[in-house]
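S.K.: One structure is given below, represented as structure tokens, and several questions about it will come after.
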Amino acid sequence: NHYISLGKLNMDEFAMGGSTENSALAKTSNPWNADCVPGGSSGGSAAAVSSGSAIWALGSDTGGSIRQPASFCGVVGLKPTYGNVSRYGLIAFASSLDQIGPITRDVTDAALVLNAISGHDAKDSTSIPGARVDYTTALVNDVKNLKIGVPKEFFGEGLNSEVRKAMEEAIETYKKLGAEIVEVSLPNSKYALSAYYIIALAEASSNLARYDGVSYGMRVPADNLVDMSTKTRTEGFGPEVQRRILLGTYVLSAGYYDAYYLKALKVRRLIKNEFDEAFSKVDLILTPTAPNTSYKFGEKANDPLAMYLEDICTVPANLAGIPGISIPAGMSSNNLPIGLQLLGPAMGEETLLRAAFTFEQARPDCQLVAPTGEVSL
Ligand code: GLN
């Protein structure tokens with residue numbers, strides 16, 4: 001299992017964002033509509049695979065950054081279980097949430113890439129020990145004995161009506177294929193976004209402290225240490241990264257630690273317990289990947305909260321450490337892809353792949369080839 005990395009792709013700076021508009025380098029368009037964002041933060045990866053420029057790519061998913069751009073670009077994105085893929089060599093954003101995974105054209109390729117990148121690595125202390133798994137054995141076209149949970153909290157107000165319709169059709173597809181659909185409840189998921197944006201930012205402020213101009217990273221010279229460090233950090237980091245460092249430092253500071261950070265950790269545990277409870281009844285959980293399809297450049301760039309809200313369906317999996325996959329589930333009337341998310345229990349990647357593969361076989365109408373894909377694969 002060896003592969004050669006052919007290049008680097010665009011992304012939001014330090015993986016902070018949901019549209020790749022926070023990139024420090026360049027603009028990446030959505031191959032389906034050049035006026036629209038590719039999603040983020042791994043937007044370059046999703047756009048490259050969607051347009052046929054790459055067969056597969058890696059993404060990093062701290063709060064949805066594999067699944068959401070995959071959904072916006074009409075490709076497959078798999079966030080593995082926390083610890084299933086080594087983060088050795090990954091630049092840390094939020095260490096208790098970050099996970100690497102594949103972005104591919106189809107589910108078979110997702111299994112193949114996962115085979116190559118998963119498994120224990122002594123160089124990452126959070127890597128899960130155990131024998132390697134051959135994920136291609138999970139590519140079975142059958143969901144007959146599977147119970148799929150549908151959490152009502154993910155289908156509330158704010159969900160785009162076309163996304164909702166595509167989810168209803170997907171549920172019908174699974175029913176027809178013999179899966180049992182069960183309503184489940186994840187009441188604490190309404191707090192997931194708030195908990196995520198406290199925990200992720202707290203960890204980011206700590207991880208990014210090393211970019212001080214002294215021992216690590218770039219340096220902007222100045223006459224004294226304080227000026228040098230200040231200049232390095234204000235000139236080196238973009239506005240979103242600076243915002244997150246400030247917020248993260250705030251929630252960790254004495255007096256606010258208990259009120260924000262500790263509370264968020266408690267909420268995180270409740271969310272994890274709720275998933276454990278749900279997975280004692282069902283094999284998988286089905287939700288939209290994002291409440292909306294892609295949007296125009298600039299539409300949310302100046303409104304961080306609006307951008308953060310788009311992460312509502314993906315962040316719970318990172319807080320709970322569980323795997324999730326986004327697969328294409330149709331198109332909106334304005335010709336933008338819609339993504340379906342399947343979540344599984346920790347190390348449940350095989351069940352995810354099996355259910356995703358079965359959907360892919362049953363719904364060729366959802367298998368998309370972006371219009372700009374001149375390169376045939
Ligand atoms: N959009 C989320 C954020 O901005 C997720 C980012 C990620 O998964 N890297 O934090």
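S.K.: Within the stretch 288-304, restricting attention to residues that are surrounded by 13 or more Cβ atoms within 10 Å (Cβ to Cβ) and polar (S, T, N, Q), which residue is nearest to Ser23 (Cα to Cα)?
M.R.: Going through the qualifying residues, I end up with Ser294.
S.K.: Let me ask something additional. Give me the residue from the stretch 66-116 that is out of contact with any Ser or Thr (no Cβ under 7 Å at 6 or more places or on another chain) and part of a helix (DSSP H, G or I) and, out of that set, nearest to the ligand (Cβ to nearest atom).
M.R.: Result: Leu114.
S.K.: Quick check: anything in the stretch 60-74 more than 20 Å from Asn318 (Cα to Cα) and buried (at least 24 other Cβ atoms within 10 Å of the Cβ)? Spell out how you get there, then give the answer.
M.R.: Let us first name the residues in the stretch 60-74 that are more than 20 Å from Asn318 (Cα to Cα), namely 73-74.
Okay, now just the ones that are also buried (at least 24 other Cβ atoms within 10 Å of the Cβ), so 73-74.
Scanning the stretch 60-74, I find at least one residue that is more than 20 Å from Asn318 (Cα to Cα) and buried (at least 24 other Cβ atoms within 10 Å of the Cβ), so the answer is yes.
S.K.: Within the stretch 317-338, can you find the residues that are away from the ligand (no atom under 14 Å from the Cβ), part of a strand (DSSP E or B) and buried (at least 24 other Cβ atoms within 10 Å of the Cβ)?
M.R.: Once the filter is applied, which keeps residues that are away from the ligand (no atom under 14 Å from the Cβ), part of a strand (DSSP E or B) and buried (at least 24 other Cβ atoms within 10 Å of the Cβ), the stretch 317-338 yields Ile325, Ile327, Pro328, Ala329, Pro337, Ile338.
S.K.: Moving on. Mind checking which residues of the stretch 111-133 are touching a helix residue (DSSP H, G or I) at 6+ places or on another chain (Cβ under 8 Å), small (Gly, Ala, Ser) and under 9 Å from Val85 (Cα atoms)?
M.R.: Taking the stretch 111-133 as the starting set, the residues that turn out to be touching a helix residue (DSSP H, G or I) at 6+ places or on another chain (Cβ under 8 Å) are 111-112, 114-115, 118, 132-133.
If we keep only those that are small (Gly, Ala, Ser) too, we end up with 111, 118.
Residue satisfying the conditions is Ser118 alone.
S.K.: Out of the residues in the stretch 5-27 meeting the condition of being hydrophobic (A, V, I, L, M, F, W, C) and outside any loop (DSSP other than H, G, I, E, B), tell me which one is farthest from Ala306 (Cα to Cα). Write out each step before concluding.
M.R.: Narrowing the stretch 5-27 to residues hydrophobic (A, V, I, L, M, F, W, C): 6, 9, 11, 14-16, 24-26.
Within this subset, residues satisfying the condition of being outside any loop (DSSP other than H, G, I, E, B) are 14-15.
Numbers: Phe14: 20, Ala15: 17 Å.
The qualifying residue farthest from Ala306 (Cα to Cα) is Phe14.
S.K.: Look at the stretch 45-65 and say how many of its residues are in contact with a Lys or Arg (Cβ under 9 Å, 6 or more places away or on another chain) and either of a type in the set (Lys, Arg) or away from the ligand (no atom under 13 Å from the Cβ) (or both). Break it down into steps so the answer makes sense when it comes.
M.R.: Let us first name the residues in the stretch 45-65 that are in contact with a Lys or Arg (Cβ under 9 Å, 6 or more places away or on another chain), namely 49-50, 52, 55-56, 59-61, 64-65.
Keeping just the survivors that are either of a type in the set (Lys, Arg) or away from the ligand (no atom under 13 Å from the Cβ) (or both) gives 49-50, 52, 55-56.
Selection size over the stretch 45-65: 5.
S.K.: Let me ask something additional. Test each condition in (1) within 13 Å of the ligand (Cβ to nearest atom); (2) surrounded by fewer than 22 Cβ atoms within 10 Å (Cβ to Cβ); (3) not small (Gly, Ala, Ser) for Leu25 and report the one that comes out false.
M.R.: (1)
S.K.: Which of the residues belonging to the stretch 35-58 are part of a loop (DSSP other than H, G, I, E, B) and free of Cβ contacts under 8 Å to residues at least 40 places away in the same chain? Steps first, answer last, please.
M.R.: In the first step, residues of the stretch 35-58 are kept if they are part of a loop (DSSP other than H, G, I, E, B); the result is 35, 37-42, 51-55.
Across the stretch 35-58, the qualifying residues are Gly40, Ser41.
S.K.: Look at the stretch 28-52 and say how many of its residues are surrounded by 20 or more Cβ atoms within 10 Å (Cβ to Cβ), among the hydroxyl-bearing types (Ser, Thr, Tyr) and more than 18 Å from Ala204 (Cα to Cα).
M.R.: 4
S.K.: List the pairs whose first member sits in the stretch 77-99 and is more than 17 Å from Ser5 (Cα to Cα) and at pLDDT below 95, whose second member is assigned to a loop (DSSP other than H, G, I, E, B) and away from the ligand (no atom under 13 Å from the Cβ), and whose Cβ atoms are under 6 Å apart, counting only residues at least 6 apart or on separate chains?
M.R.: Listed by first residue and then by second, the contacts come to nothing, as the list is empty.
S.K.: Only one of these conditions is not met by Ala346: (1) within 14 Å of the ligand (Cβ to nearest atom); (2) in contact (Cβ under 8 Å) with a residue 24 or more places away in the chain. Which number is it?
M.R.: With respect to (1) within 14 Å of the ligand (Cβ to nearest atom); (2) in contact (Cβ under 8 Å) with a residue 24 or more places away in the chain, Ala346 is out only on (1).
S.K.: Output yes when any residue across the stretch 209-221 is within 16 Å of the ligand (Cβ to nearest atom) and in contact (Cβ under 8 Å) with a residue 24 or more places away in the chain, and no when none is. Walk me through how you get there before you give the answer.
M.R.: As a first pass, look at the stretch 209-221 and keep what is within 16 Å of the ligand (Cβ to nearest atom): none.
No - not one qualifying residue is present in the stretch 209-221.
S.K.: Go through Thr249, Thr293 for me and flag whichever is out of contact with any Phe, Trp or Tyr (no Cβ under 6 Å at 6 or more places or on another chain) and in a helix (DSSP H, G or I).
M.R.: Working: Thr293 fails: in a helix (DSSP H, G or I).
That would be Thr249, the only listed residue that is out of contact with any Phe, Trp or Tyr (no Cβ under 6 Å at 6 or more places or on another chain) and in a helix (DSSP H, G or I).
S.K.: List pairs: first residue in the stretch 119-138 and on the phi < 0 side of the Ramachandran plot, second residue of a type in the set (Val, Ile, Thr) anywhere in the structure, Cβ distance under 7 angstrom, at least six positions apart or on different chains.
M.R.: Close Cβ pairs satisfying both conditions: His120/Ile128.
S.K.: Hey, another quick one. When Ile285 is evaluated against the numbered criteria (1) surrounded by 15 or more Cβ atoms within 10 Å (Cβ to Cβ); (2) assigned to a helix (DSSP H, G or I), which criterion, by number, is the only one it fails?
M.R.: The failed condition is (2).
S.K.: Of the residues that sit in the stretch 118-166 and are part of a helix (DSSP H, G or I) and of a type in the set (Ser, Thr, Tyr), which one is farthest from the chain's Cα centre (by Cα)?
M.R.: First, pick out the residues of the stretch 118-166 that are part of a helix (DSSP H, G or I): 135-138, 152-155, 161-166.
Next cut, of a type in the set (Ser, Thr, Tyr) only: 135-137, 161.
On the way: Tyr135: 20, Thr136: 22, Thr137: 24, Ser161: 22 Å.
Ranking the candidates gives Thr137 first.
One line per residue, one yes/no per condition, for (1) farther than 13 Å from Ala202 by Cα; (2) β-branched (Val, Ile, Thr); (3) loosely packed, with under 13 Cβ neighbours inside 10 Å:
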{"site": "Glu240", "(1), (2), (3)": "yes, no, no"}
{"site": "Arg244", "(1), (2), (3)": "no, no, no"}
{"site": "Tyr256", "(1), (2), (3)": "no, no, no"}
{"site": "Asn273", "(1), (2), (3)": "yes, no, yes"}
{"site": "Phe279", "(1), (2), (3)": "yes, no, no"}
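The values are calculated or read from the model by the stated rules, or taken from the named source; none is laboratory data. Since this is a predicted model, take the numbers as computed values, not measurements. Glycine also receives a Cβ, built like all others from the backbone with ideal geometry; neighbour counts cover every protein chain displayed.
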